[in-house]
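The values are calculated or read from the model by the stated rules, or taken from the named source; none is laboratory data. Quantities reported herein were computed from a predicted structural model and do not represent experimental measurements. Reconstructed Cβ throughout: ideal geometry from the backbone, glycine too, with neighbour counts over all protein chains shown.
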Amino acid sequence: MTAPLPVRPPAEPAPEKAPQEVPGQRQPSRLLAPLRQTGQLFALALAVSRAIFRRPFQVREFIEQFWFVASVTILPAALVSIPFGAVIALQVGSLTEQLGAQSFTGGASVLAVIQQASPLIVALLISGAAGSAICADLGSRKIREELDAMEVMGVSPIQRLVVPRVLATMLVAVLLNGLVSVVGTLGGYFFNVIMQDGTPGAYLASFSALAQLPDLYIGELKALIFGFIAGIVAAYRGLNPRGGPKGVGDAVNQSVVITFMLLFFVNMVLTAIYLQIVPPKGG
């Protein structure tokens, strides 16, 4: 009786060789990654803009997010606006004194606060305090696959979660901009009158002589746009984390940095357009 022949195990397939990178040549994916992410960010902004007018509107979620964003930004904004207004008033007062134009100190400092300082303060605080929290919340939901479960059930995460948060940041930014403008103006008035021996009448007269209503409009418009940018960037980074919990932390840091860069660029563009369209008072 012959012994059975030994059965050889099937040969394992040879591992595929990874494509070798040519020295000095960038891969297309790495080169196009920033452009792809920029396109996805604009696509999310467009999707949120469309979903704002769709029903049903998440009223309860919007109220909760509005209260949260306002609660974490009101006190810091009021405290930060005082030294900002003081520094601007002191610097402008010192400059106008050297030029012999002390009577224009009030108008110049108040316009700087209303047009530039106030919207930026509001946007930076919303991005740093509320935007980071929004990004962390959406990122944690993403890695727990809650957003995927919502999509399976036919619920849009953008309309259910992103739209109320973006609207909350926009509304809080507009309302908070008025508070920061008032507090910053009062701080500048106090430091100019008390520390630089300015006269209250000249401070108010120069403000009424140089300021006009579009100056307030551009400040509110900047705050509205900055709030939209902060909410969109925070939502985008929260919806696209990488690498688990560590990736959520990295996404939070990236959202704050990206928002800061976009805010300063958009502020420069809006300021240039405003100065070209709206003539100065008396000009």
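Overview of values
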quantity	calculated
Candidate set: region 242-261, residues that are touching a residue at least 40 places away in the same chain (Cβ under 8 Å) and among the aliphatic types (A, V, I, L, M); chosen: the one nearest to K142 (Cα to Cα)	V248
Residue match in region 102-109 (condition: modelled with pLDDT of 85 or more and not hydrophobic (A, V, I, L, M, F, W, C))	no
Among (1) crowded, with 22+ Cβ neighbours inside 10 Å; (2) at pLDDT below 85; (3) of a type in the set (A, V, I, L, M, F, W, C) - the single one L204 does not satisfy	(1)
Candidate set: region 111-131, residues that are buried (at least 20 other Cβ atoms within 10 Å of the Cβ) and closer than 14 Å to R165 by Cβ; chosen: the one nearest to the chain's Cα centre (by Cα)	S127
Verdict on P200 being at negative phi and free of Cβ contacts under 8 Å to residues at least 24 places away in the same chain	yes
In region 187-207, the residues that are of a type in the set (S, T, Y) and either under 24 Å from A78 (Cα atoms) or in contact with a helix residue (DSSP H, G or I) (Cβ under 7 Å, 6 or more places away or on another chain) (or both)	Y189, Y203, S206
Odd one out for I225, checked against (1) more than 30 Å from S140 (Cα to Cα); (2) within 16 Å of the chain's Cα centre (by Cα); (3) free of Cβ contacts under 8 Å to residues at least 60 places away in the same chain	(1)
Leading residue by the ranking (surrounded by the most Cβ atoms within 10 Å (Cβ to Cβ)) among those in region 4-61 that are of a type in the set (D, E) and at pLDDT below 55	E21
Selection within region 207-227 - at pLDDT 80 or above and of a type in the set (F, W, Y)	Y217, F226
Number of the condition not met by N177 [criteria: (1) without any contact (Cβ under 8 Å) to a residue 60 or more places away in the chain; (2) under 30 Å from E145 (Cβ atoms); (3) crowded, with 18+ Cβ neighbours inside 10 Å; (4) not acidic (D, E)]	(2)
The one condition in (1) of a type in the set (A, V, I, L, M, F, W, C); (2) within 12 Å of the chain's Cα centre (by Cα); (3) loosely packed, with under 14 Cβ neighbours inside 10 Å that V269 fails to fulfil	(2)
Residue count, region 133-170 (criterion: part of a helix (DSSP H, G or I) and farther than 17 Å from Q58 by Cβ)	10
Unique match (being assigned to a helix (DSSP H, G or I), more than 27 Å from A89 (Cα to Cα) and not polar (S, T, N, Q)) among P214, P245	P245
So S94, is it of a type in the set (G, A, S) and under 18 Å from the mean Cα position of the chain (by Cα)	no
